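Inspection log for the structure reproduced underneath, given as C-alpha cells.
We did not get these values from a lab; they are worked out from the coordinates using the rules stated. Nothing here was measured: the structure is a model prediction, and the numbers come from that model. Methodologically, a virtual Cβ is constructed for each residue, glycine included, from the backbone with ideal geometry; neighbour enumeration extends over all protein chains shown.
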Amino acid sequence: MKQEKTVSPTVENNRIGQSHLASCNLDECFDEEHDREEETLDSMADAVYSLLKGVGEDPEREGLLLTPERVSKSLRFLTKGYRQDPEQLLKKAVFTESYDEMVLVKDIDIYSMCEHHMLPFFGKAHVAYIPDGKIVGLSKIPRVVEVFARRLQVQERLTQQIRDAIQNVLNPRGVAVVIEATHMCMVMRGVEKQNSVTTTSAMSGEFMSNQSTRSEFLRLIGNR
C-alpha cells in the first residue's frame, strides 16, 4: 500500500510564504512587512506601559507619555540580531586565497543584553582564524559579532556562536574568540562590583591542538 507523504506545518508555512512573496509586488510586500512591524511595536509599547505602572510611575505624565514608544523602538534595535542571519552575511564575502597565517581582528566593540535581567553588558571581542584556502572580507567579522550580540545573550554562548559561525562558513584550520566584558547586572545590582570584568574564550582546530598557535593569539590580543 502506497504511503501518503505528509508535509510538516513548518515546511508548508514556508511554501505558503514563498508563494505569497512571489505573487505580491514589492510595494505590497513592503506594506505588509511595515504593518507587522507596527503591530509588534504597539504590542511592546503596551507592555512597557504596564511596566511603568508596575514600578509605581504614572505613564500619563508628561515625561513618560512617549516612553513606551521610545522603549519599544529601542528594544527592536537592540535585538535586531534575531532578524539577521550571520552565516549568510559571511557567505557574501568569501574569497579563494592561498594565505595560511593567522588573521586577527581585535578590540571589536560589543554591546549586548543579559538574558537573565535584560541589563547591558559591553566590552571587546577578539576574533582570529587560520585560513584553509578561503578568507572572508574583514568587515564581516565585526558584523557577525554584532549580529549575535544584538540578541538576548549570555557571554559564554555569544563567544561560542561567533566561533561556530566562522568555522561553519569558512571551514578554516582553526578559530579563536575571546570576549572581555563588564556586566551591568553585576555592577548596578546584586553584588555591585564596579570593576569586575568577565573573560570567555572559545577555540577550535589548531588553536586548541597547537600550544604555540594559541600562545601567539593570546600574546597578540594582549598587545594594546
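From the Kirkwood radius over Cα pairs of the chain, Stokes-Einstein at 4 °C and 1.567 mPa s returns a whole-number translational diffusion coefficient of 63 µm²/s. Please go through the residue pairs 92/124; 106/140; 106/193; 53/73; 92/134 and name each one whose alpha carbons sit more than 22 Å apart in this structure. Result: 92/124; 106/193 exceed 22 Å.
Two decimals is fine: what is log10 I(q)/I(0) at q = 0.16, 0.17, 0.18 Å⁻¹ for the range 29-81, from a Debye sum with one equal scatterer on every Cα and no solvent? Log-scaled intensity ratios, in q order: -0.51, -0.56, -0.61. Of the DSSP H helices in the chain, those with a Cα length along their own long axis of 30 Å or more and a mean Kyte-Doolittle hydropathy reaching -1.0 comprise 26-54.
May I ask what percent, to the nearest 5, of DSSP beta bridges between residues of the chain are antiparallel?
95
Taking a sphere under 12 Å around the Cβ of residue 109 and counting the other residues whose Cβ falls inside, with K and R at +1 and D and E at -1, yields a net charge of -1. Of the GluC sites (Glu not before Pro) in the range 138-205, the ones in a loop by DSSP (not H, G, I, E or B) with at most 15 other beta carbons within 10 Å are 192.
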